[in-house]
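A.B. asks: Please find one structure pasted underneath; my questions will follow.
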Amino acid sequence: MKPIKTKVAVIGAGMVGATAAASLLDMDLIAEIALIDINIDRATGEALDLSHMTAFPFNPNVNIHSGSYDDCADAQIIVVTASAPMPDVNDKNGRMALVNKNIPILKNIMDEISSRTKDAILIFVSNPVDIMVYLAQNYFDYPANRIIGTGTLLDTARFRRILARNYLVNTLDVSGFILGEHGKTAFAAWSQTGIAGIPCENLDVFIGSETPFSKVDILNEVKMSGMEIILSKGFTNYGIAAAVRQLIQAIVLNELSILPVSTTFTGEYGIEDVAMSIPCIIGSNGIQRTVEIPLSDAEIDEYHASGNFIKSVTDSADLSILTKEQ
Ligand SMILES: NC(=O)c1ccc[n+]([C@@H]2O[C@H](COP(=O)([O-])OP(=O)(O)OC[C@H]3O[C@@H](n4cnc5c(N)ncnc54)[C@H](O)[C@@H]3O)[C@@H](O)[C@H]2O)c1
């Protein structure tokens, strides 16, 4: 009998990969975690340090170790955080500046994974995440529904948290999504945002806040919070690790949770051939389907603008080492 175990491979044992691995340790859902990195010392050190967490009673006895791409063969989930170093904070292109450096890394990783498995669900974190997802889904022979980009899942968490803080309520009572690019053209689906069923425009009346409701200020805070963290500590890791954990829980438990993640559009809102975030039903097969939530005309225009921006960066990227799947 084949052993029953849930195995996760994490490719890239840097700040995000190691923190994501740590966040998986106490889930009681994962039996084995393999850390893979071109920097073998880094993967070995992080795995050894993390393995000591399992000696404490609040952690199950997870087999966490450094590994190689052969660990992908029997992994159910593979998290991709491998990346060239982040560009300088003053680079006006932000995370998009990583595109030409991370395309060869993506090709290397997709070739290594797809020669060993087509069954694992791949969670992409590496930036620019929407372009990485688009290329992984469209330039490699790998099932597209089994490739998920964390996309605006983190931005949505920040959005809900900011609203919850402004109205002094539990974040879980806030509904709403940040959609589109994981980046500067992301937009809030205000028409579907609220707290306990109260539409956002009525929050000041029904709940009340010291900070009057302002779409501009809230969205600005969402977009600036990543940069604020990077300016103060150099990288972000905890929020994104929690996003990875939520996706893994949704997959392992077949939760069918509706989460905003990045995937290639196939006509949603009249958009195709670009990957960005849309609410998706996430379960054991990865992306079960996209959900076209009702949006205002202005929000749909923002979706198109976001998609056009991602397309323009993709079109100007060096894709010469890739071959598009038919
Ligand atoms: N999508 C999001 O919301 C989000 C949030 C935070 C960070 N990120 C992105 O995640 C990525 C990782 O961030 P980080 O802070 O962990 O960076 P990091 O520099 O700490 O780690 C990157 C790791 O990737 C490894 N690596 C590089 N090339 C590799 C290859 N070919 N194979 C295997 N490993 C390789 C490096 O050795 C390094 O250990 C970045 O692209 C960052 O922009 C995305």
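The values are calculated or read from the model by the stated rules, or taken from the named source; none is laboratory data. In this text, all values refer to a predicted model and were calculated from it rather than measured experimentally. Reconstructed Cβ throughout: ideal geometry from the backbone, glycine too, with neighbour counts over all protein chains shown. For the accessible areas, the whole protein counts, side chains as well, though only heavy atoms, and no ligand, DNA or RNA atoms are used. Shrake-Rupley method; radii C 1.70, N 1.55, O 1.52, S 1.80 Å.
A.B. asks: From the residues 81, 69, 115, which one has its Cα farthest along the dipole of segment 1-151 in the positive direction, the dipole being from +1 and -1 charges on Cβ of Lys/Arg and Asp/Glu about the Cα centre?
C.D. replies: 115
A.B. asks: Can you tell me the 0 to 90 degree angle between the C-alpha axis of helix 238-252 and the longest principal axis of the chain, rounded to 10?
C.D. replies: 70 degrees
A.B. asks: Between residue 171 and residue 205, 0.36 nm times their residue separation minus their Cα-Cα distance comes to what?
C.D. replies: Computed gain between residue 171 and residue 205 is 10.3 nm.
A.B. asks: Working from Cα positions, state the angle (0 to 90°, nearest 10) between the long axis of helix 40-53 and the longest principal axis of the chain.
C.D. replies: It works out to around 80 degrees.
A.B. asks: Which FRET efficiency, nearest 0.05, do residue 84 and residue 184 yield, Cβ-Cβ r, R0 22 Å?
C.D. replies: 0.65
A.B. asks: For the chain, with every protein chain kept in place, what is the accessible area per residue (1.4 Å probe, Å²)?
C.D. replies: Per residue, the chain has an accessible area of 46 Å².
A.B. asks: Might you work out the accessible area of residue 304 for me, using a 1.4 Å probe with all protein chains in place, and round it to the nearest 10 Å²?
C.D. replies: Result for residue 304: roughly 70 Å² accessible.
A.B. asks: Also, quick follow-up: For the chain, find the longest principal axis of its Cα atoms and tell me its angle to the long axis of helix 215-233, 0 to 90°, nearest 10.
C.D. replies: Tilt of helix 215-233: around 40 degrees.
A.B. asks: Taking the Cα centre of the chain as origin and charging only Cβ (+1 Lys, Arg; -1 Asp, Glu), how large is the dipole, in debye to the nearest 20?
C.D. replies: The dipole magnitude comes to about 420 debye.
A.B. asks: Also, quick follow-up: With unit charges on the beta carbon (Lys/Arg positive, Asp/Glu negative), name the residue among 151, 166, 57 whose Cα is farthest towards the positive pole of the charge dipole of segment 33-181.
C.D. replies: The residue sitting most towards the positive pole is 166.
A.B. asks: Mind listing the long-range amide H neighbours of residue 140? Cut-off is under 5 Å, sequence gap 5 or more, other chains count too, H placed in the peptide plane at 1.01 Å from N.
C.D. replies: 325
A.B. asks: Farthest toward the dipole's positive end in the chain, which of 9, 209, 103, given Cβ charges of +1 (Lys, Arg) and -1 (Asp, Glu) about the Cα centre?
C.D. replies: Of 9, 209, 103, it is 9.
A.B. asks: Next question. Using a Cα-Cα cut-off of under 25 Å, which lysines could be cross-linked to residue 5, ignoring same-chain neighbours fewer than 8 residues away?
C.D. replies: 118
A.B. asks: A further question on this structure: If I stretch the segment between residue 92 and residue 266 completely, what's the gain in nm (0.36 nm per residue apart, minus their alpha carbon distance), one decimal?
C.D. replies: Net length gain for the segment: 59.6 nm.
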